Amino acid sequence: MSQETKFKCLKCGHEYVEKYAPDDDIERACPKCHSNSVRPEKPKKADVAEKK
Amino acid sequence: MAYSEVEEVDGYVGNFKVKVRKKARYVREEDCNSCAECAEVCPVVVPDEFQMGLSSRKAVYLPFPQAVPASYIIDMEACLGTNPIACGKCEEACEKVCIDYDMKDEIFELEVGVVVVATGMDVYDPTELDEYCYTRYDNVITSMEFERLICAGGATEGHFVRPSDRDVPQRIAFIQCVGSRNNAGDKGNRYCSNICCMNTVKDTLLLRDHYPDCECTVFYVDIRAFGKGFEDLYMRSREEGVKYIRGLPGEIRQDPETKNLFLTAENTLTGEVREYEFDAVVLSVGVIPRRDSALVKKLLSLSTTGDGFYMEAHPKLKPVDTPTRGVYICGCSESPKDVKDSVTQASAAAARAMTILNAGHVTVEAITAAIDPALCTGCGLCAKVCPFNAVEVDKEKKTAWVVSAMCMGCGNCGATCNQGAVTMGHFTDDQYYAQIDALLDEDAADKVFTFACNWCSYAGADNAGISRIQYPASPRLVRTMCSARVTEDFVLYAFVKGAPVVLVSGCHFADCHYIDANRQTVKRVYRLWDKLEKLGIRPERLQLEWISAAEGQKFARVMRGLEEMRQQVTAEEVEHTKKVLAEEWEKKLAREAKRKKKAEADESRDEVQVS
């Protein structure tokens, strides 16, 4: 299921939030510099525990 | 085989096994002579789908006048019931004794060499576009409904009447691009449906022919009349008195008494905003991929464009081939097109199919994967990632093998295998390591190491070159068939050899020549970023870009950006990376050597047992 996930562009450093699921079929690009090197931030353990 | 559905497709080019369900008609088609006596006595009346619900049919019916075979069908969902028989009037009326309530679906298994997909398209449903009030006002109809009304074999035998009062309308508006070319909102589609402009031009001429006094007005964005003779037809329509207003109406309202429709629109050529009154409005609806296209996509391992239409193997050189060898596409399953283009493409698909059938053999490029049974553990990871289902796994014997005729050589399996059991023909791991060695042996710190996929990124680099676009001299390209061939080890090895920056580049998602193999590239790069970060290496030094063959400008822009990035990587950083990864690399080599030794020992033991 898609979740709001923080992405970081490894080209320009821009950070933004977008819906993301590991199996989604979306070509991602940084909204600022359009680079495809955008990395989803993994949920921290504390966040996972909070959701449970 | 009419009234049938393909349920399963197995096998590969030259050896497809297709399972087809022939649905029960409950009328013996070989005996039925379409006398219609059964329909005359049938008491059940339901809307006729072929007439877009504008007239009715019976539960036993002929789907449409030109149906082949010309045999009636019983719609069992509408029929009063046969168990026990609650009606049976059709059976009593049929002199030729064609009715068979006990008829069952039949399953046929066919062996075919090639498959041609000509599944057509569906029509856009404008219900979601609130501004056009399609379901609210009776006199707002779609172009398909108009077609059935103006057709001599249609619901009104060719008399165009308003649905609200069955009067012949005198003022008719056509609204173009309904559900097409919508870039702004989330409703409709972005693409042009290709056929609607000329369909409307034809419809206006038909109307003027049937009703010379009627007034036709077309609201349009652009009239796209680019085919042979199309511009002449468009000009003829204008000469016949059809008004063309550039601009789409923002809203439609109805007079509750007369049921006339009022359209507010801006003529974007004059800037005039005004309200127009019409007796009927025809929405020129676009086309969409068939609603069951995902099923066919799965059956035949096809890929689709972002619009949902099936994607060809190459837009110029293989326009009717698909990524799956032996499967061809044509007509609106590939993209919206008119009859002429569909026939042309169908002829091309048939000719392509015949080249295989007549040859009697298939030539496969020698770049397919091969699995070493001695190293394979039968884990099945390779089979999971293969976009063409070309890998078969025997879990009991703990081994897997590749069906060469199905393999297209993307190398995804090779990059996924943890055991080093997969060898890609002409793109072996050793060859890649040798290329990395050769490119980074001297002055590695001055180079941007790039993996570029054969079809898009490498061609994008070519495009930049032949277009004489300037970009730095630092990039060093290694060609892979697909970006999914790039293993994590290739990237790490490039860093071990001192690459300051590594780029993995491939086709855009919609352009992937191996269906969806490049989705694995993304997953692999994500894992690599995590790994690099864990080892204290800046993940930014590994970049990912999708560059198409036409994007020479993008290639150059990316390279300029990477050159800037390269200059920021310090010598100490590179040395640290080399040191950290060299330790990892040694461990990996030791693991591989141990695994190979074990495999050799197992093999020799098996040989002893056999002897």
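The values are calculated or read from the model by the stated rules, or taken from the named source; none is laboratory data. If you're wondering where the values come from, they're calculated on a predicted model, not measured in any experiment. Note that we place each Cβ from the backbone using ideal geometry, even for glycine, and neighbour counts take in every protein chain shown. These accessible areas exclude ligands, DNA and RNA; they are computed on the full protein's heavy atoms, side chains included. Shrake-Rupley method; radii C 1.70, N 1.55, O 1.52, S 1.80 Å.
Can you work out which of the residues in the stretch B:562-572 that are assigned to a helix (DSSP H, G or I) and without any contact (Cβ under 8 Å) to a residue 60 or more places away in the chain is farthest from the other protein chains (Cβ to nearest Cβ)?
Here the answer is B:Glu572.
Go through the stretch B:428-469 and count every residue that is open to solvent by 30 Å² or more (accessible area, probe 1.4 Å) and in contact with a helix residue (DSSP H, G or I) (Cβ under 7 Å, 6 or more places away or on another chain).
So the answer is 5.
Quick one: how many residues across the stretch B:132-160 are under 17 Å from B:Gln254 (Cβ atoms) and either open to solvent by 70 Å² or more (accessible area, probe 1.4 Å) or assigned to a loop (DSSP other than H, G, I, E, B) (or both)?
Number of matching residues: 7.
Scanning the stretch B:528-561 for residues that are hydrophobic (A, V, I, L, M, F, W, C), facing chain A (nearest Cβ under 9 Å) and in a helix (DSSP H, G or I), which turns out farthest from B:Pro475 (Cα to Cα)?
Filtering the stretch B:528-561 for residues that are hydrophobic (A, V, I, L, M, F, W, C), facing chain A (nearest Cβ under 9 Å) and in a helix (DSSP H, G or I), the one farthest from B:Pro475 (Cα to Cα) comes out as B:Trp529.
With respect to B:Ala593, is the statement that it is open to solvent by less than 70 Å² (accessible area, probe 1.4 Å) and either over 34 Å from the mean Cα position of the chain (by Cα) or not polar (S, T, N, Q) (or both) true?
Details: open to solvent by less than 70 Å² (accessible area, probe 1.4 Å): yes; either over 34 Å from the mean Cα position of the chain (by Cα) or not polar (S, T, N, Q) (or both): yes.
When the stated conditions are applied, B:Ala593 passes them.
Quick one: would you say B:Pro47 is at pLDDT below 95 and surrounded by fewer than 17 Cβ atoms within 10 Å (Cβ to Cβ)?
no
Which of the residues that make up the stretch B:502-526 are crowded, with 23+ Cβ neighbours inside 10 Å, within 9 Å of chain A (Cβ to nearest Cβ) and part of a loop (DSSP other than H, G, I, E, B)?
Across the stretch B:502-526, there are no qualifying residues.
Residues B:Glu239, B:Glu251, B:Glu257, B:Glu266: which one is in contact with an Asp or Glu (Cβ under 6 Å, 6 or more places away or on another chain) and charged (D, E, K, R)?
Details: B:Glu239 fails: in contact with an Asp or Glu (Cβ under 6 Å, 6 or more places away or on another chain); B:Glu257 fails: in contact with an Asp or Glu (Cβ under 6 Å, 6 or more places away or on another chain); B:Glu266 fails: in contact with an Asp or Glu (Cβ under 6 Å, 6 or more places away or on another chain).
Just a single option satisfies the conditions, and that option is B:Glu251.
Are there any strands (runs of 3 or more DSSP E) wholly within the stretch B:67-127 with 1 or more residues that are open to solvent by less than 40 Å² (accessible area, probe 1.4 Å), and if so which?
Values: elements: B:106-112, B:115-117, B:121-123.
Once the strands (runs of 3 or more DSSP E) in the stretch B:67-127 are filtered for at least 1 residues that are open to solvent by less than 40 Å² (accessible area, probe 1.4 Å), what remains is B:115-117, B:121-123.
Any idea which residue in the stretch A:6-33 is modelled with the lowest pLDDT, counting only those that are more than 9 Å from every other protein chain (Cβ to nearest Cβ) and over 21 Å from B:Arg538 (Cβ atoms)?
So the residue we want is A:Asp24.
Taking the options B:Leu581, B:Leu542, name whichever one is open to solvent by less than 10 Å² (accessible area, probe 1.4 Å) and closer than 19 Å to B:Asn418 by Cα. It would help to see each step written out before you state the result.
Values: B:Leu542 fails: closer than 19 Å to B:Asn418 by Cα.
Among B:Leu581, B:Leu542, only B:Leu581 is open to solvent by less than 10 Å² (accessible area, probe 1.4 Å) and closer than 19 Å to B:Asn418 by Cα.
From the residues in the stretch B:474-512 that are of a type in the set (Ser, Thr, Tyr) and under 30 Å from B:Phe309 (Cα atoms), which one is nearest to the chain's Cα centre (by Cα)? Break it down into steps so the answer makes sense when it comes.
Our first condition is that a residue be of a type in the set (Ser, Thr, Tyr); within the stretch B:474-512, this holds for B:474, B:480, B:483, B:487, B:493, B:505.
Those left that are additionally under 30 Å from B:Phe309 (Cα atoms): B:480, B:483, B:505.
Working: B:Thr480: 24, B:Ser483: 21, B:Ser505: 23 Å.
Filtering the stretch B:474-512 for residues that are of a type in the set (Ser, Thr, Tyr) and under 30 Å from B:Phe309 (Cα atoms), the one nearest to the chain's Cα centre (by Cα) comes out as B:Ser483.
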